[in-house]
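Colleague: Dropping a structure here in structure tokens format, bear with me for questions.
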Amino acid sequence: MEIQAMVTTTEKDFVKQTLLLDDPRADEVLVKIVASGVCHTDATVLDGTLPVPRPAVLGHEGSGIVVKVGSNVSTVQEGDHVVLGFAYCGHCDNCLDGNAGGCEDMIPLNFSGRNKHNLTPIHTHDHQDVSQFFGQSSFGTYATVDEKNVVKVDKDADLRYLGPLGCGLMTGSGTVLNSLAPAPGTSLVVFGTGAVGLSGLLAAKIAGCDPIIAVDIHDSRLELAKELGATHVINSIKENPVEKIKEITDGKGAHYSFETTGVPEVTLAALHCLRVKGTCATVAVGKRDLTFNVTNDLMLNALTLKGVIEGDAVPQLFIPKLVKFFKNGHFPMDKLVKFYDLEQVEQAFEDSKNGSTIKPILIL
Ligand code: CXF
């Protein structure tokens, strides 16, 4: 079928084009995209940090409505509201163990431009392949996706908000709830109050952490962090975050830190602010290397530094949970969002980069 999509070409980051999209195969689902979040990972593809062959249709936080299902599809049907997640194989050790974010084929399935059938389901009129991204390519009016990428959600939640639950917000909240799994009353620090950090903060509140400390360099974001449940905020330009965190935690340091910036100096602060036996989780795609002394900065305080992909979540179980939290007011992600038309995609990326919008969502 013909679709309209924002194509990332070799000449330009975004050109609106008419493309031909494959029909769903037996294990696939055709989804009419209603909205798509814009995530930092899309930007890291544009700047080449995580390369995807161009031309490509980016976008990996899609939400939409099922239009057609393949003959072997059993978990969704026409008319269902769905959030699209990341691609995973479903049969490697980690997938079978309930850790799809650790899928052994994570990188090829999401970044090679091709799906598990080694195909791109999007072709231009002249039969040139256009890369699929993250198993979905949600900057287009329709997507043909693997059944495993599709998570059915309640129809009474506003679909326009839900796409980021498939990546950024699942990563933030899942890292706290699934990977760190803090006990009530433990201390947690979020470094970076973008969409990932703030969703981690909301999760820390749900988990009953206290204190919840937010660190950033923008006062306006720290204000929002306070509104969303931070008990303390630190502007790291004005105050030394490590000293301040120690002060807030009776000189001991925090039980947990969550690093979302990818800035090496911030990652080090996220380690240094911990108490003995503390854990730091990092999810960021950083550009620069971090140099640290494994003995002094890690081992002598018996610290754990862990990398987390997609919040260690099983999307089919975790996303509906987040939708429930959203509906009952515990996960007010609408406070993070600004809507844009598809044609405003460049503005959306610009506003995300300059910090004026926390989570841009394109309306298809
Ligand atoms: C990505 C980050 C890079 C590794 C795969 C998952 N997360 C979200 O965009």
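The values are calculated or read from the model by the stated rules, or taken from the named source; none is laboratory data. Note that the structure is predicted; figures quoted are calculated from it, not measured. In this analysis, Cβ positions are derived from the backbone assuming ideal geometry, glycine residues included, and neighbour counts consider all displayed protein chains. Surface accessibility is based on the protein's heavy atoms, side chains included, excluding ligands, DNA and RNA. Shrake-Rupley method; radii C 1.70, N 1.55, O 1.52, S 1.80 Å.
Colleague: Check which residues have an amide H placed less than 5 Å from Cys39's amide H, if you skip close sequence neighbours.
Modeller: When sequence neighbours closer than 5 places are left aside, the close amide H contacts are His60.
Colleague: Moving on to the next point. Please compare each pair in Lys252/Lys321; Lys116/Lys306; Lys155/Lys324; Lys226/Lys338 to a cut-off of 22 Å on the Cα-Cα distance and tell me which ones are over it.
Modeller: Pairs exceeding 22 Å: Lys252/Lys321; Lys116/Lys306.
Colleague: Taking every alpha carbon pair in the chain, what does the distance histogram look like in 20 angstrom bins from 0, in percent?
Modeller: Calculated P(r), rounded to whole percents: 31, 56, 12, 0.
Colleague: Then there is this: Does a label point 7 Å from the Cα of Thr49, set along Cα-to-beta-carbon, have any residues of the range 72-114 with amide nitrogen under 13 Å, and which are they?
Modeller: none
Colleague: Per residue, how much accessible area does the chain show when a 1.4 Å probe rolls over the protein heavy atoms, in square angstrom?
Modeller: 41 Å²
Colleague: Name the residues whose placed amide hydrogens come within less than 5 Å of the amide hydrogen of Leu119, ignoring near sequence neighbours (fewer than 5 apart) on the same chain.
Modeller: Amide H to amide H, under 5 Å and 5 or more residues apart or across chains, Leu119 pairs with nothing.
Colleague: Let me ask another. Using the basic label-point model (7 angstrom from Cα toward the beta carbon), what is the Ala302 to Asn240 distance in nanometres?
Modeller: The modelled label-to-label distance comes out at 2.6 nm.
Colleague: Still on this model: Can you send over the solvent-accessible area of Glu350, 1.4 Å probe, protein chains only, in Å² to the nearest 10?
Modeller: About 90 Å², ignoring ligands and nucleic acids.
Colleague: According to the square roots a ≥ b ≥ c of the eigenvalues of the Cα gyration tensor, what is the shape class of the range 73-207, taking rounded for a/c under 1.5, prolate for a/b larger than b/c otherwise, and oblate for the remainder?
Modeller: It is prolate, given that a/c is not under 1.5 and a/b is the larger ratio.
Colleague: Need the full-extension length gain, Lys16 to Leu290, defined as separation in residues times 0.36 nm minus the C-alpha distance. One decimal, nm.
Modeller: Working: separation 274, 0.36 × 274 = 98.64 nm, distance 3.86 nm.
Gain on extension, Lys16 to Leu290, equals 94.8 nm.
Colleague: Separate question: Name all residues of the range 42-72 having a backbone nitrogen under 16 Å from the label point set 7 Å from the Cα of Asp23 along its Cα→Cβ direction, giving them as ranges.
Modeller: Within reach of a label on Asp23: 67-72.
Colleague: When a/c is below 1.5 the answer is rounded, else prolate if a/b is larger than b/c, else oblate, so apply that to the range 172-309 with a ≥ b ≥ c taken from the square roots of the Cα gyration tensor eigenvalues. Please list the in-between numbers first.
Modeller: Working: a/c = 1.27, a/b = 1.20, b/c = 1.06.
It is rounded, given that a/c, with a ≥ b ≥ c, falls under 1.5.
Colleague: Something else: Show me the ranking of peptides 163-171, 102-110 by mean Cβ neighbours inside 10 Å, starting with the highest.
Modeller: Output ranking for 163-171, 102-110: 163-171, 102-110.
Colleague: Would you please put 173-183, 210-220, 276-286 in order of how densely packed they are, using the mean number of other Cβ atoms within 10 angstrom per residue and starting with the highest?
Modeller: Descending packing order for the listed peptides: 173-183, 210-220, 276-286.
Colleague: Against the globular-protein guess of 2.2 N^0.38 Å, express the Cα radius of gyration of the range 283-356 as a ratio, rounded to two decimals. Mind dumping the intermediate values first?
Modeller: Numbers: Rg = 18.6 Å, N = 74, 2.2 N^0.38 = 11.3 Å.
Dividing the Cα radius of gyration by 2.2 N^0.38 Å gives 1.64.
Colleague: I would also like to ask the following. I'd like the distance separating the alpha-carbon centroids of the range 1-55 and the range 229-304, in whole Å.
Modeller: So the separation of the two Cα centres works out to 36 Å.
Colleague: Go ahead and run the numbers for FRET between Asp210 and Lys335, Cβ-Cβ distance against an R0 of 25 Å, rounding to 0.05.
Modeller: Details: r = 21 Å, r/R0 = 0.84.
Result of the calculation: an efficiency of 0.75.
Colleague: For the chain, what are the DSSP H helices with axial Cα length of 15 Å or more and mean Kyte-Doolittle hydropathy of at least 1.0? Each step should come with its number before you reach the end.
Modeller: Values: long enough: 195-207 (18 Å, 1.68); 315-327 (17 Å, 0.48).
Taking the DSSP H segments of the chain (at least 15 Å long, mean hydropathy at least 1.0), we get 195-207.
Colleague: Give, in nm to one decimal, the length gained when the segment between Asp93 and Leu119 is fully stretched (0.36 nm per residue of separation minus the Cα-Cα distance).
Modeller: So the chain would gain 7.0 nm between Asp93 and Leu119.
Colleague: Full extension from Thr9 to Lys226: what is 0.36 nm times the residue separation minus their Cα-Cα distance, to one decimal in nm?
Modeller: Working: separation 217, 0.36 × 217 = 78.12 nm, distance 4.07 nm.
In short, 74.0 nm is gained.
Colleague: Taking amide hydrogens as modeled 1.01 Å from N in the peptide plane, which residues meet the under 5 Å criterion relative to Leu274, leaving out close sequence neighbours?
Modeller: So Leu274 has HN proximity to Ala254.
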